[in-house]
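Shown next, in structure tokens, is the structure this report addresses.
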Amino acid sequence: MRLVTAQAADGRRLPGALLPGGDRLVDLSAVPGVLGAAGLRGRLGTLDDLLRLGPAALDVARRLVADVARGAGDHPVLARADVRLLAPVTPGTYWCIGYNYRGHQVVDDPVHPDVFVKTAGAVTGPEGPVLLPRTAVEIDYEAELAVVIGRPAHEVAEADALAHVAGYTITDDVSARDWQRHGSQWVLGKSFATFGPLGPVLVTADEVPDPQALAVTARLNGEVTMRSSTAAMIAGVARLVSYLSQVVTLQPGDVIATGTPQKLPEVLDRGPRWLRDGDLVEITIGDLGTLSHRFAPGPEAPRLDAAGPG
């Protein structure tokens, strides 16, 4: 399934599944057999709500979507043009992995993954702009496969780790390189508002038999600037899920951004090219779709030395 969190014209949020062709989506906010089995009433507001009900709920949704696709039943279907796609999930924790592609500033494979976090407040949907902050200049982009956890994972073996993955989406780990250099930790440089565009869809794990066999391409204003494959990852998806779970309990909806490939040599030879108003970044990974987003000036922030109220 290709799952989304959408906002309808009346402002209502809902989880949905795109039908073949992508121009219609099944409303999964009130799936027969799911809410009742979970002892719930009312409606689900987001894909996070559906994931928290567990793999069985996804199985029910999968059967429903298959029925609708072949014209059976009268479950609500919305036109894709009538909804706005939001970030598929809002992660409780947004994990990031640095230097995880061979050729990206590493000579020898590290023993352990280089882990940091991006605050959840940075997450934004696939259809709005990424805002350029007034207090940072060196804004860069990164093309990354994002892993979405589907069921709790704690101290899981690498051989069992993929069973805890709900699916995959695309993210741009937008980064303020100047703020990254303020200290040894990268969190501030990664966590400006909208610096975590996510989407456009979550493709369920059953449709991605090998997450280490996906082509990764990034374009800046139409020019290909990255071209690689998830086969070049140092720590693959199963390794990352297992490794993180040795310390924390990964929860449904949590995201692991798996690292970015290096830019192409001809792009690097030109030197840094920081993002500007109007720039368009497009990231395509395998058959997951394309995450496209423009960059625009953020709202004027108050001066740090401005007098406070009173």
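The phi-based Karplus calculation (6.51 cos²θ - 1.76 cosθ + 1.60; θ = phi - 60°) puts the 3J(HN,Hα) values of region 220-230 at 10, 6, x, 8, 5, 10, 9, 8, 7, 8, 5 Hz, whole numbers, x for Gly and Pro.
The local environment of PRO126, defined by Cβ-Cβ distances under 12 Å, has a net charge of -1 under the rule Lys, Arg +1 and Asp, Glu -1. If you take all other residues with their beta carbon under 14 Å from the beta carbon of ARG2, and give Lys and Arg +1 and Asp and Glu -1, the sum is -1.
The GNM of the chain, with springs linking C-alpha atoms under 10 angstrom apart, assigns the highest mean-square fluctuation among VAL148, VAL255, VAL115 to VAL115. For the chain, the longest principal axis of the alpha carbon atoms and the long axis of helix 55-69 meet at an angle near 70°.
When you count the other C-beta atoms within 10 angstrom of each residue and take the mean per peptide, 170-181, 45-56, 239-250, 191-202 line up highest first as 191-202, 170-181, 45-56, 239-250.
Over region 96-221, what percent of the accessible surface lies on carbon and sulfur atoms, probe 1.4 Å? Walk me through the numbers on the way to the answer.
Details: 2740 of 5080 Å².
Using a 1.4 Å probe with all protein chains present, region 96-221 comes out at 54 percent carbon and sulfur.
Labels on offer are (1) 16; (2) 13; (3) 9, and the one holding percent of Cα pairs over 37 Å apart computed from this structure is (1).
Charge dipole of region 262-301 (Cα centre as origin; +1 on each Lys and Arg Cβ, -1 on each Asp and Glu Cβ, all else neutral): 100 debye, rounded to the nearest 20. Distant-in-sequence amide contacts of LEU86, defined by a placed amide H-H separation under 5 Å and a gap of 5 or more residues or a different chain, comprise THR5, ALA6, GLN7. Report note on the peptides 72-78, 231-237: ranked by the mean count of other C-beta atoms within 10 Å, highest first, their order is 231-237, 72-78.
Could you pull the accessible area for THR225 with a 1.4 Å probe, rounded to 10 Å²? That residue has around 0 Å² of solvent-accessible surface. Two decimals is fine: what is log10 I(q)/I(0) at q = 0.10 Å⁻¹ for region 153-258, from a Debye sum with one equal scatterer on every Cα and no solvent? Once normalised to I(0) and log-transformed, intensities are -0.35. Each residue of region 15-21 is assigned a 3J(HN,Hα), and the resulting list reads x, x, 10, 6, 7, x, x Hz, derived from the Karplus form 6.51 cos²θ - 1.76 cosθ + 1.60 (θ = phi - 60°), x at Gly and Pro.
Normalised by the number of residues in region 126-244, the mean separation of alpha-carbon contacts (under 8 Å, six or more apart) gives a relative contact order of 28 percent.
The values are calculated or read from the model by the stated rules, or taken from the named source; none is laboratory data. Nothing here was measured: the structure is a model prediction, and the numbers come from that model. For neighbour counting, all protein chains shown are included, and Cβ atoms are generated from backbone atoms with ideal geometry for every residue, glycine included. Calculation scope for accessible area: heavy atoms of the full protein, side chains included, ligands and nucleic acids excluded. Shrake-Rupley method; radii C 1.70, N 1.55, O 1.52, S 1.80 Å.
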